[in-house]
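All remarks here apply to the structure that follows.
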Amino acid sequence: MNNRFFKAVARFLLAGLVLYFLVQRADTLRANVSQRDSIAYWTAAKLLVAHADPYDTDKVFEMEQQQGYAEQKPLVLRTPPWSLFMVVGLGVLDAFWAWVVWVAASVAGLLLAMRLCWRIYGAQRIPQNLFWIIGYLFAPVPACLVAGQMGIMLLLGLVLFLWWEVEHPYLAGAALILPFAKPHLLALFWFALIFWVVSRKKWTLAIGFLTAFALACLLPLLFDPHVFGHYREMLRRASVGLEFIPALSGVVRLLFFRRWFWVQFLPMAIGLAWCARFVAQRKSNWNWREHAPALIVTSVLTTPYAWLTDEVIVLPAILQAAVWIYLARKNLKVTARFAVFVFALLNLLLLLILRSKIQFATGIYFWSSLVWFFWYVYASSKRSQIIAFSGDVPAAR
């Protein structure tokens, strides 16, 4: 009882300190709000609640410049209309407090996702403090929080799906509306999900997702009946095919096939072929908590469009791999320990680059998805060395 009381007091004091910091440094923070990606969420929400086009490039640019935005091109929300339910509430606030609320929601989402990941993958297998340190120092996590991106909300939806899938399939399906805000990030995951739903007749989960999707589409239509048309027009004007996207597929295209936009989708096509084989080999004993991380990390590696901030959705795979390595630690040879050190060093390098405030658009972070992929593959190869009390590799709870 006393322990819980002191924890509650500590959290209250921490909240007070954060509020005091926000009030004391409000002017400095306000000047920096326009430099965060969340400014695009605020402008879209502001336009939407005014029954205007949330994807109107000219109006968005004008509003952002009024907040001190100094770039030559506007920062326009590019996620589809069914994602707007996540940001519409920001439209009743000014830019500064919208950023505060968004960051607070992101931190809360991260805490919940981490707690659930601990219960799924880490409990009684790895020290909790080590588990949380690995999660919080995973480079895309601070990148996402600093940029004010929505990646943590996508992560939360994925983790809630893994948590609810067995006992509450309707809620699990509904939770997937969050990562579906950027469906291209998880192409392999969606492919496996559709196959699993149809083959196992998991209609309750499908109904949960379709219900959430319908409601998510209906909300922006109430404010802007032409929002889907406006979204298509924004994509046409944006000419995404001519942009450099700092994902692995984008860098490959830039170096070797600059004029061929379709090349960016080639890794995803290869990934889908691998996914079909992966699912077919495991369809008789499929377990989402055990197998989804492999789909997630490979989806992010092969996606045609992603930023470092999007890679926060790989966190369950990173944590699952960390648990495998920890359980096999007594049997790791010197070369294996060195390999783990190299992976940690590469993550540290990304954190240092972030600390230097080098822009994501430079492409300097393109190799990050390769690090997460090979970390997961390497950890998977060590599962056979895990000695559990049962003599088997422990499955996710």
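The values are calculated or read from the model by the stated rules, or taken from the named source; none is laboratory data. The structure displayed is predicted, hence computed values, not measured ones. Please note: Cβ atoms are built from the backbone with ideal geometry, for glycine as well, and neighbour counts cover all protein chains shown. Just so you know, the surface numbers come from the protein's heavy atoms only, side chains and all, with ligands and any DNA or RNA stripped out. Shrake-Rupley method; radii C 1.70, N 1.55, O 1.52, S 1.80 Å.
Observations
- Considering segment 356-374, the residues that are assigned to a helix (DSSP H, G or I) and buried (at least 17 other Cβ atoms within 10 Å of the Cβ) include one that is modelled with the lowest pLDDT, namely PHE360.
- Residue among ALA45, ALA50 that alone is touching a Gly at 6+ places or on another chain (Cβ under 8 Å), of a type outside the set (Ser, Thr, Tyr) and under 19 Å from LEU215 (Cα atoms): ALA45
- Some residue of segment 245-259 being more than 25 Å from VAL76 (Cα to Cα) and in contact (Cβ under 8 Å) with a residue 60 or more places away in the chain: no
- Hey, LYS330 touching a residue at least 40 places away in the same chain (Cβ under 8 Å) and open to solvent by 80 Å² or more (accessible area, probe 1.4 Å) or not: yes
- Matching residues, segment 123-149, being under 30 Å from ARG78 (Cα atoms) and either assigned to a helix (DSSP H, G or I) or open to solvent by 10 Å² or more (accessible area, probe 1.4 Å) (or both): GLY135, TYR136, LEU137, PRO140, VAL141, PRO142, ALA143, CYS144, LEU145, VAL146, ALA147, GLN149
- Selection status of ILE194, farther than 15 Å from TRP82 by Cβ, at pLDDT 95 or above, under 22 Å from the mean Cα position of the chain (by Cα) and exposed (fewer than 15 other Cβ atoms within 10 Å of the Cβ): yes
- A single entry from ALA52, ALA108 fulfils the requirement of being closer than 30 Å to LEU160 by Cβ, among the aliphatic types (A, V, I, L, M) and either open to solvent by 40 Å² or more (accessible area, probe 1.4 Å) or touching a residue at least 24 places away in the same chain (Cβ under 8 Å) (or both): ALA108.
- When the helices (runs of 4 or more DSSP H) confined to segment 236-355 are screened for residues that are in contact with a His (Cβ under 7 Å, 6 or more places away or on another chain), none reaches at least 2 such residues.
- Filtered residue count, segment 63-75, keeping only those that are open to solvent by 100 Å² or more (accessible area, probe 1.4 Å) and closer than 18 Å to LEU90 by Cβ: 1
- Remark: pairs (first residue in segment 336-351, under 17 Å from SER381 (Cβ atoms); second residue open to solvent by 40 Å² or more (accessible area, probe 1.4 Å) and among the polar types (S, T, N, Q); Cβ separation under 9 Å; 6+ apart in sequence or on different chains) = ALA336/GLN385.
- For ILE120, the stated conditions do not hold, so it cannot be described as open to solvent by 30 Å² or more (accessible area, probe 1.4 Å) and part of a helix (DSSP H, G or I).
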